[in-house]
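Written below as C-alpha cells is the structure these notes are about.
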Amino acid sequence: MFLHLGKNIVIPVKDLIAIIDADSVLKSDDTKSFIKVTQEEDFIYDVAKGNIKSYIITEKVDKGKEKSLNVRESVIYSSNISSKTLLKRAGFIDNIEEI
C-alpha cells in the first residue's frame, strides 16, 4: 500500500515511521529542535512548499548482498496535507470523526 503526500509524491506505507502534526512540533522543545536541525542540514524534502501541515518520517531498508549488510535511508517529508488526512489515507484511522 502507498501513501500520497501531495505534489505527486507517494511513499510505501511499510517505510512509514511517524506522521507528526506541524502544530504539535511547536509544543515540544525536543521535536522543535529535531525539525530545526533537519531543516538546517537539508534532510527535509519539502513537498508543502512552505504551507506545512505535517511532517512524515520514513526509513527505507535496502538489503545488501549479504544478509547482515542492510542499508537504511531516513527521509523526512513536509506536507501541506493534515496529519489526520494522511493517517486516514494510510489506513491507520478507520473512523476519523471519533478523533
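The values are calculated or read from the model by the stated rules, or taken from the named source; none is laboratory data. Bear in mind the structure is a predicted one, so any value in this text is a computation, not a measurement. Cβ coordinates were reconstructed from backbone atoms using ideal geometry, including for glycine residues, and neighbour counts include every protein chain displayed.
For region 1-13, enumerate the residues that are part of a strand (DSSP E or B) and surrounded by 12 or more Cβ atoms within 10 Å (Cβ to Cβ).
Those that are part of a strand (DSSP E or B) and surrounded by 12 or more Cβ atoms within 10 Å (Cβ to Cβ): Phe2, Leu3, His4, Leu5, Gly6, Ile9, Ile11.
If the Cβ limit is 8 Å and pairs must be 6+ apart or interchain, which residue in region 35-54 that is surrounded by fewer than 11 Cβ atoms within 10 Å (Cβ to Cβ) and assigned to a strand (DSSP E or B) pairs with which residue that is modelled with pLDDT under 90 and of a type in the set (Ser, Thr, Tyr)?
Close Cβ pairs (under 8 Å, with a partner that is modelled with pLDDT under 90 and of a type in the set (Ser, Thr, Tyr)) do not exist here.
Only one residue in Ser79, Ser54, Ser33, Ser68 is more than 18 Å from Met1 (Cα to Cα) and at pLDDT below 85, so which one is that?
Result of the check over Ser79, Ser54, Ser33, Ser68: Ser68.
Out of Val25, Val47, Val37, which single residue is among the hydrophobic types (A, V, I, L, M, F, W, C) and over 16 Å from Val75 (Cα atoms)?
Val25
Pick from region 82-99 the residues that are outside any helix (DSSP H, G or I) and at pLDDT 75 or above: which of them is surrounded by the fewest Cβ atoms within 10 Å (Cβ to Cβ)?
That would be Gly91.
Considering region 14-34 alone, what residues qualify as being assigned to a loop (DSSP other than H, G, I, E, B) and either touching a Ser or Thr at 6+ places or on another chain (Cβ under 6 Å) or crowded, with 16+ Cβ neighbours inside 10 Å (or both)?
If the condition is that a residue be assigned to a loop (DSSP other than H, G, I, E, B) and either touching a Ser or Thr at 6+ places or on another chain (Cβ under 6 Å) or crowded, with 16+ Cβ neighbours inside 10 Å (or both), then no residue fits.
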